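What follows is one structure encoded as structure tokens, with my remarks underneath.
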Amino acid sequence: MKKFAIFSFMILALTFSAYGQKTKTIVKADPTKGVREAFERLVEGIEQADAEKAMSVYEKSDKILFFNNNGSATIGWDNMKKTRESLYAKAANVSLDITGLRVEMLGRDSAYLTCKWKQSQEYDGKLETASGRMTVVFKLIGKDWKAVHLHTSPDNPPATRPVLTSEREVIVN
């Protein structure tokens, strides 16, 4: 009987100690974190009118393609850096408001980011504002997420910009 009591006490003690242990919580890492951080650096570079910082987000390649907000295209990292340096030299008080930010992972080493943006700044002493949509394609290169393609489009393209009649119609679903 004494052995049974000791055995029962041990079983009871082990049961309470098992319930008393805290379970480990497994926290999954956000796979989009690196992409978001790279994009934040890009936004900071634009707001600071800092071409070095903004361009550090992009893959340094002569094949990189930028579809610009004004409807033009720029090919090559060096060309885009020169363009940004000349534009940023005349820009001050840049404010960039990002909304609707979304990151879609295409695998472990590629993703695209979409958002809406509103920008205001003083350019060459004159206040200007613009808004539009942006898509940035990212690729994991080594340990760094680098933008490998940028496409921006304005919300309100100028009337002189050729737009097909079918593209002017708004379809609401």
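Ranking request for peptides 91-104, 113-126: highest mean number of other beta-carbon atoms within 10 Å first, then the rest in descending order. Can you show the working numbers first?
On the way: 91-104: 13.1, 113-126: 15.1.
Descending mean neighbour count gives 113-126, 91-104.
How long is the gain from Lys63 to Leu96 if the chain were fully straight, where each residue apart is worth 0.36 nm and the alpha carbon distance is subtracted?
Details: separation 33, 0.36 × 33 = 11.88 nm, distance 2.73 nm.
This chain segment gains 9.2 nm when fully extended.
Tell me, Ile46, Ile75 in order of fewest to most beta-carbon neighbours within 10 Å? Please list the in-between numbers first.
Working: Ile46 21, Ile75 13.
In order of increasing Cβ crowding within 10 Å: Ile75, Ile46.
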Could I have the simple spin-label model distance between Thr129 and Thr83, label points 7 Å from Cα toward Cβ, reported in nm to one decimal?
-> 2.5 nm
Which aspartates and glutamates have a Cα lying under 18 Å from the Cα of Lys126, excluding residues fewer than 8 positions away in the same chain?
-> Glu47
Positive minus negative residues near Lys90 (Lys, Arg vs Asp, Glu; Cβ under 13 Å) | -2
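Measure up Lys28/Lys118; Lys53/Lys90; Lys53/Lys146; Lys33/Lys81 against 22 Å on the Cα-Cα distance and list the ones that go over. Intermediate results must be reported in sequence, preceding the final value.
On the way: Lys28/Lys118 33 Å; Lys53/Lys90 17 Å; Lys53/Lys146 13 Å; Lys33/Lys81 26 Å.
Over 22 Å apart, Cα to Cα: Lys28/Lys118; Lys33/Lys81.
Could you tell me whether the stretch 31-173 comes out rounded, prolate or oblate from its Cα gyration tensor? Rule is a ≥ b ≥ c as square roots of the eigenvalues, rounded for a/c under 1.5, then prolate if a/b exceeds b/c, otherwise oblate.
On the way: a/c = 1.58, a/b = 1.15, b/c = 1.38.
Taking the square roots of the gyration eigenvalues as a ≥ b ≥ c, the stretch 31-173 is oblate.
Laboratory data are not the source of any read-out in this text; all were calculated from the coordinates shown. Because the structure is a prediction, the values reported are computed rather than measured. Because the Cβ atoms are built from the backbone with ideal geometry, glycine has one as well, and the counts that use them run over all protein chains shown.
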